[in-house]
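Accompanying notes for the structure given below.
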Amino acid sequence: MDNFTQTPLPESHSWTPENLEAFWMPFTANRQFKNQPRLLASAAGMHYTSVDGRQILDGTAGLWCVNAGHSREKIAQAVYQQISTLDYSPTFQMGHPIAFELANRLVAMLPQAFDHVFFTNSGSESVDTALKIALAYHRIRGEGTRTRLIGRERGYHGVGFGGISVGGISANRKFFGSLIPGVDHLSHTHNLEKNAFSQGQPQWGAHLADELERLVMLHDPSTIAAVIVEPVAGSTGVLLPPVGYLERLRQICDRYGILLIFDEVITGFGRLGTSFATEYFGVMPDLMTTAKGLTNGTVPMGAVFARPGIYQAFMDAPENAIEFFHGYTYSGHPVACAAAHATLDIYEEEGLFERAKSLSGYWEEAIHSLRDLPHVIDLRNLGLVAGIELESIAGKPTARAFDVFLRCYERGLLIRTTGDIIALSPPLIVEKSHIDQIVGTIAEVLQAAI
Ligand SMILES: Cc1ncc(COP(=O)(O)O)c(C=O)c1O
C-alpha cells in the first residue's frame, strides 16, 4: 500500500457552539450536534483523528465513499499535479484528454454491459441525469408517451427532485410539494418475519418483483419509461435483494421495453467484492448511476453508465446539433478526473475489490456473532456491508440507534445509523483486527445501550 498523508492537527482546539452556528448542517440534528459537537480534524488509513486528538476507527468509509482508506498519497499528488497543470476546462463544446481517458477506463470495467459514461458531481446528479436520459431516449425513438418512472419504497436516490420523487422515504418527500408527476413505487423487500438473520441474500421475496407487472398493467406499458432501484438499498438500512428478485425485474423490463436503472452510488467500486453490484448479481441494467467510491470521496464526482445502443439513439440529430440538452459546469472536471484515475489505480494495484471479497466471510461471521445481544432483531450482510437492526423503544423511534452511535463514537468507532438500524461499510483496506474492534465495540455498547 502506498503511504497515507500525515496531516498535522489544527493548532487551536477552541471550538465553541458559537463558532458552529452559521453552518446549516445537512441531514443532521443541528441543535444536538452544536451542543455536543463531533469534529474530525484529520484522517489516515482506517482512522479519523478528532479535534481533541482521539483516534476514531472508520466503520463507514466516511459516507460509504472512502473505499481505499483515507488520505491516500497517490490521490493527493494527482490532484495537486492536475491543479498545477490544467485546473479547469469546460466540457461543453470543449474537452480535455483525461475525461475521455477516464470514460474509456470506466466502460472497460464492464465492457459487455456499458459503452458510454456521462459525468456528474454527485449521486443525486447521477440519478437525475439517468432519469432524464431515460425520458429523452424514449422520446427521440418516437415513444414519447413513456413518461412514467417507477421507484421503490425505502429507496434512496439522493435529494434532487427526480431522486426524491422516485425515492421511497416519506421524510425526504413530504416537505417538498407534489414532486415530479407520474411516479409510482414498488413495495420494498424488507421482511423480518420471513428473512431475519439471513446470511447474504434472503431466500424469500423474489415474487415482490411481480408487482412491477401489476403496475405495468395498471398504467399500460406504453406509458412507462424506467424503473430505478438500488441493487442493495444502503441508506435505508442495508436491505438486500431476495434471491431471484433482480432477475425478475430485468425480465419484466425486457418484456415491456422499460429501461432498468441500477443506482450503484453505494454498491459501485468494490463494496460487494466485485466492481459493481451488477457484476455480483449477474443482472445488467440499462443505466447505472455511480459516485462516491469513484474518487474515494476526495473530489465530488459521479458517473452514469449507459448500455450499448442508448447513446447511439441520440446520434440521429444533425451532426452540428447538441444531442442531449443536459450537463453541469463541472461534468468531467479535470481535478475530479485526476482523483478518479488515481483512485482506480489504487483499487487495481492493491486488488481492493478482491480483498473485499476475501474478507466477506470473516465479516459475515463477525457480524452474526452479535445475534444474542440485547435489542438485536436482525443482522444482515453482503460483501463488506452489514445492517444491524435494533428493536425501537416504544414511542421513540431512532432513539436507541442514536444512543448506540454516540456511545460508539465515545469509544472511538464511527458507525452510521438510519432509523433504528446500524449500517456498516468499512473501507476495503480493513484488517481482521479492525473488524474485531468494530464488532467488539458494538457488542460492548449494546450491553449498555438504552
Ligand atoms: C443509492 C444512492 N443514490 C444516490 C445517493 C446520493 O448521492 P449524493 O449524496 O452524492 O448526492 C446516495 C447517497 O448516499 C445513495 O446511497
task = Could you tell me whether the stretch 164-185 includes any residue that is surrounded by 16 or more Cβ atoms within 10 Å (Cβ to Cβ), part of a loop (DSSP other than H, G, I, E, B) and small (Gly, Ala, Ser)?
result = yes
ask   = Can you find a residue in the stretch 150-163 that is under 17 Å from residue 341 (Cβ atoms) and crowded, with 21+ Cβ neighbours inside 10 Å?
value = no
inquiry  = Name the single residue that is nearest to the ligand (Cβ to nearest atom) among those in the stretch 42-82 being out of contact with any strand residue (DSSP E or B) (no Cβ under 9 Å at 6 or more places or on another chain) and closer than 18 Å to residue 348 by Cα.
reply    = 65
inquiry  = Tally up the residues in the stretch 240-279 that are in contact with a strand residue (DSSP E or B) (Cβ under 9 Å, 6 or more places away or on another chain), over 30 Å from residue 349 (Cβ atoms) and either within 13 Å of the ligand (Cβ to nearest atom) or of a type in the set (S, T, N, Q) (or both), please.
reply    = 1
key: Checklist (1) more than 28 Å from residue 163 (Cβ to Cβ); (2) assigned by TED's automatic domain parsing to the domain that holds residue 302; (3) in a loop (DSSP other than H, G, I, E, B) applied to residue 52, failing item   = (2)
query = Consider residue 51 against the criteria (1) β-branched (Val, Ile, Thr); (2) in contact with a Pro (Cβ under 9 Å, 6 or more places away or on another chain); (3) within 30 Å of residue 276 (Cβ to Cβ): it satisfies all of them except one. Which criterion is unmet?
reply = (3)
query = When residues of the stretch 245-279 are filtered for being touching a His at 6+ places or on another chain (Cβ under 7 Å) and assigned to a helix (DSSP H, G or I), how many remain?
reply = 0
task = Would you mind stating whether residue 438 is in contact (Cβ under 8 Å) with a residue 12 or more places away in the chain and touching a Cys at 6+ places or on another chain (Cβ under 8 Å)?
result = no
Residues that are touching a residue at least 12 places away in the same chain (Cβ under 8 Å), within 25 Å of residue 125 (Cα to Cα) and not in a loop (DSSP other than H, G, I, E, B), drawn from the stretch 314-330 = 314
ask   = Looking at the stretch 106-158, which of its residues are among the β-branched types (Val, Ile, Thr), more than 23 Å from residue 189 (Cβ to Cβ) and within 16 Å of the ligand (Cβ to nearest atom)?
value = 120, 129, 133
note = For residue 186, the lone unmet condition from (1) touching a residue at least 40 places away in the same chain (Cβ under 8 Å); (2) within 16 Å of the ligand (Cβ to nearest atom); (3) within 22 Å of residue 328 (Cα to Cα) is (3)
query = Can you spot a residue in the stretch 199-218 that is in a strand (DSSP E or B) and crowded, with 20+ Cβ neighbours inside 10 Å?
reply = no
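The values are calculated or read from the model by the stated rules, or taken from the named source; none is laboratory data. All values reported here derive from a predicted model rather than from experimental measurement. Cβ sites come from the backbone with ideal geometry, for glycine too, and all protein chains shown count toward neighbours.
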